[in-house]
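Notes follow once the structure below has been shown.
The values are calculated or read from the model by the stated rules, or taken from the named source; none is laboratory data. Computed from a prediction, not measured in an experiment: that's the story for all the values here. When we count neighbours, we look across all protein chains shown, and the Cβ atoms used for this are built from the backbone with ideal geometry, even at glycine. Each accessible area value is taken on the protein alone, full model and side chains, heavy atoms only, with ligands, DNA and RNA left out. Shrake-Rupley method; radii C 1.70, N 1.55, O 1.52, S 1.80 Å.
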Amino acid sequence: MLCLRDVDVHYGPIQALHGVSLEVAEGQVVTLIGANGAGKSTVLRLVSGLIRPTRGEVLFEGASLARVAAHDIVARGVSHVPEGRRVFAGLTVLENLEMGAYLVRGRAAIRAALDEVFELFPRLRERRGQRAGTLSGGEQQMLAIGRALMGRPRLLLLDEPSLGLAPNLVQSIFGVIAGIRQRGVTLLLVEQNAHMALRVADRGYVLETGRIVLHDTAERLAADPNVRAAYLGE
Amino acid sequence: MSQQLINAISLGAVYALIALGYTMVYGVLRLINFAHGEVFMVGSFIGLAALSVFHLPFALAVLVAMVGAALLGAVIERGAYRPLRSAPRLAALITAIGVSLLLQNLGMLILGAAPRAYPPAIDPAPIAWLEERAGVVVTRQQVVILAATAAILAGLSLIVSRTKIGKAMRAVSEDRQAAQLMGINVDRVIAFTFCLGSAIAGAGGVFYGVYYGTADPLMGLMPGIKAFVAAVLGGIGSVPGAMLGALLMGLVETGVSSVTLRVSPSLVLTGSTLRDAVAFAVLIAILLLRPAGLLGRPGREKV
Ligand SMILES: Nc1ncnc2c1ncn2[C@@H]1O[C@H](COP(=O)(O)OP(=O)(O)OP(=O)(O)O)[C@@H](O)[C@H]1O
Ligand SMILES: [Mg+2]
């Protein structure tokens, strides 16, 4: 479904990715783990078109995204929940969700998407008239995910959904991720919490200073002594 | 007193119509569109042509001016600002000033520098029964202009708060990248914002022309700056802020105009000479005391 081929990314003089190749098959959950600054968010920004590769290519369903504007990538079925939530603080919860459905045509379809998101996050239904900036961190994370789901993506890019959440909320976010997967959405998940990520994922890639150093099934990565030492804190 | 209040509100209304364009464009682009006063001027001249050359009724003339100004806004955005979208902020700012000067000089070239008489499209005589009963001089003109301004402001508020494109404008104002991730075509939203702000300024241009009876190519300068001050006063980027700021500017200016300062026998400062100085004093005071403006959210990125 998604394929990166030998991609380099530069931020000005800084090279953030070095020849990164990875693949996400339809229906899978793939996780990307790595230390701070390894380039995980950069990979997601690359897929959603916020930044462009200096070498290599990004293919979505076989077509290159090189010349596709970020908003048109959304139209192709890719939603990106960016790092740090980035909800529209001055807009209400409902308005944020409506923005997530910006490209969805028809009131009925938007209504249906909204019901689905409210079912997934009942808290958002209660808070729908509230300005997003006044939500708690966990609620904002739910809103960020719900907003991305409003567009009914086929590929969902999640950047550290559990960051800064209390342990029980982390559990429920991963529960939600499993639920999203059951709806047939493909996921590329960036996580600091490698424990949880490897538990929910089918495959994983390990990124170190802009290079993929390891990739395998999630099970085998979780059993790998190097991974255990570096990312699972054992 | 009530007389002054009515004059202040009339002036504030025109400022509001201009200030909204500054504030909305700043919201989506973080750019002060210095050519905005000239859009107001061009709108005024389009209205003048519609009234005195084509003899259109007032409402239609306003509409034509709004459409013309919107087109001009779109052309300015497309031609001058979009190519600079990823250039340094200063380049866009200098371009904005350049466009402003270009339009002023084009105006002088085509129309000459002398002011043109604006047809009194609406009866400028005071409404007799109000003068008799309440002792206030309110003209039919003022009433019509205020009502039209109120309608435009209400329509705009509705667009910004209720419509899909209005919500997209707010989303782009808050976080352009996140808006892109929603599938919002940011370029289109920015173009729409320019059109909307310009249309409103165009209407303001017609009202101003009718109210003061003249139009000239440099007429956008002072009202443009005052409206800009109003937008900063209210909190640039905030739509209700711009309306509030404009009203306050109208009040301050009208208030100052009515005083006379006798510094010495040879130096008498009348309100009309002080007026502009006060406007800028207000700007400096806000920047010092409350940089985010009255309704602005503090801590946001500034020019
Ligand atoms: N806009 C930018 N300008 C310059 N350098 C950047 C920019 N964004 C990221 N970088 C650099 O690129 C590298 C990768 O950043 P990235 O955000 O992808 O890391 P990450 O793996 O997501 O880290 P974290 O776990 O801390 O979120 C870092 O060294 C970072 O400093
Ligand atoms: Mg990151």
For A:ASP159, the accessible surface traced by a 1.4 Å probe with all protein chains present amounts, in square angstrom to the nearest 10, to 10 Å²
Computed on Cα atoms, the radius of gyration and Dmax of chain B in angstrom are 19.3, 67
Under 5 Å from the placed amide H of A:ARG55, counting only residues 5+ away or on other chains, we find A:ASP8
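Within the protein assembly as shown, how many Lys pairs that are eight or more residues apart, or on different chains, come under 30 Å at the alpha-carbon? Show your work: numbers first, answer last.
Numbers: B:LYS164/B:LYS302; B:LYS167/B:LYS226; B:LYS167/B:LYS302; B:LYS226/B:LYS302.
Within the protein assembly as shown, the lysine pair count is 4.
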Karplus ³J(HN,Hα) for the range B:282-291 (6.51 cos²θ - 1.76 cosθ + 1.60, θ = phi - 60°; Hz, whole; x = Gly/Pro) runs 4, 4, 5, 4, 5, 4, 7, 8, 9, x
Rounded to the angstrom and largest first, Cα extents along the principal axes for the range A:86-152 equal 30, 21, 17
Chymotrypsin sites (Phe, Trp or Tyr not before Pro) in the range B:50-142 lying in a DSSP loop, each with at most 14 other Cβ atoms within 10 Å of its Cβ, come to B:PHE54
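If packing is taken as the average count of other Cβ atoms within 10 Å, what order do A:177-184, B:72-79 fall into, highest mean first? Please list the in-between numbers first.
Values: A:177-184: 14.2, B:72-79: 19.2.
Those peptides, ordered most packed to least, come out B:72-79, A:177-184.
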Note, the range A:124-133: 3J(HN,Hα) by Karplus (6.51, -1.76, 1.60, θ = phi - 60°), whole Hz, Gly/Pro = x, goes 5, 5, 4, 9, 4, x, 7, 5, 4, x
Checking rank on B:9-17, A:125-133, with mean other Cβ inside 10 Å and highest first, the result is B:9-17, A:125-133
Taking only the alpha-carbon atoms of the range A:126-234, the convex hull volume per residue, in cubic angstrom, is 126 Å³
Expected vector for the range A:182-197, Karplus 3J(HN,Hα) from phi with 6.51, -1.76, 1.60 and θ = phi - 60°, integer Hz, x for Gly and Pro, equals 5, 7, x, 8, 7, 10, 10, 10, 9, 8, 7, 7, 5, 3, 5, 4
So the carbon and sulfur contribution to the accessible area of the range B:1-82, 1.4 Å probe, in percent, is 78 percent
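How much of the accessible area of the range A:86-152, in percent, comes from carbon and sulfur atoms when a 1.4 Å probe is used? Walk me through the numbers before you get to the answer.
Numbers: 1370 of 2860 Å².
Roughly 48 percent of what the probe reaches on the range A:86-152 is carbon or sulfur.
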Losing no less than 40 Å² of accessible area (probe 1.4 Å) relative to the isolated chain, the residues of the range A:44-79 are A:LEU50, A:HIS71, A:VAL74
Sorted on mean Cβ neighbours within 10 Å (highest first), peptides B:33-46, B:97-110 come out as B:33-46, B:97-110
Which residues qualify? For A:ARG211, with a placed amide H closer than 5 Å and at least 5 residues away or on another chain, they are A:HIS18
Per the 1/(1 + (r/R0)^6) rule, R0 = 35 Å and r from the Cβ atoms of B:GLN3 and B:ARG82, FRET efficiency to 0.05 is 0.15
The long-range amide H neighbours of A:LEU32, using H built 1.01 Å from N in the peptide plane and a cut-off of under 5 Å, are A:LEU189, A:VAL190, A:GLU191, A:TYR205
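With a 1.4 Å probe and all protein chains left in place, how much accessible area per residue does the range B:106-216 have, in Å²? Can you show the working numbers first?
Values: 4780 Å² over 111 residues.
About 43 Å² of surface per residue is accessible.
Taking only protein heavy atoms and a 1.4 Å probe, what accessible area per residue, in Å², does the range A:86-152 have with all protein chains in place?
Values: 2860 Å² over 67 residues.
I get 43 Å² per residue for the range A:86-152.
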Interface residues of the range A:86-122, defined as losing at least 20 Å² of accessible area versus the chain alone with a 1.4 Å probe, are A:ARG86, A:PHE88, A:GLY90, A:LEU91, A:GLU95, A:GLU98, A:MET99, A:TYR102
When B and A pair up, the total accessible heavy-atom area removed from solvent (1.4 Å probe), in Å² to nearest 100, is 2000 Å²
Over chain A, the quotient of the Cα radius of gyration and 2.2 N^0.38 Å is 0.99
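Please work out the ratio of the alpha-carbon Rg of the protein assembly as shown to 2.2 N^0.38 Å and round it to two decimals.
Numbers: Rg = 28.1 Å, N = 537, 2.2 N^0.38 = 24.0 Å.
Scaled against compact globular proteins, the figure is 1.17.
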Reduced to Cα centres, the span from the range B:73-102 to the range B:6-27 in Å works out to 22 Å
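Ordering A:GLU98, A:GLU26, B:GLU131 from largest to smallest accessible area (1.4 angstrom probe), what's the sequence? Can you show the working numbers first?
On the way: A:GLU98 60, A:GLU26 125, B:GLU131 85 Å².
Result of the area sort, largest leading: A:GLU26, B:GLU131, A:GLU98.
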With a 1.4 angstrom probe the carbon and sulfur portion of accessible area for the range B:214-298, in percent, totals 73 percent
Taking alpha-carbon centroids only, the range B:231-298 lies from the range A:49-86 a number of Å equal to 47 Å
For A:VAL170, the accessible surface traced by a 1.4 Å probe with all protein chains present amounts, in square angstrom to the nearest 10, to 20 Å²
Given the candidates B:MET219, B:PRO115, B:TYR26, the one whose Cα lies deepest towards the positive end of the charge dipole of the range B:2-220, counting +1 at each Lys or Arg C-beta and -1 at each Asp or Glu C-beta, is B:TYR26
Out of B:PRO119, B:PRO83, B:PRO265, a Gaussian network model of chain B with alpha-carbon springs under 10 Å gives the largest mean-square fluctuation to B:PRO265
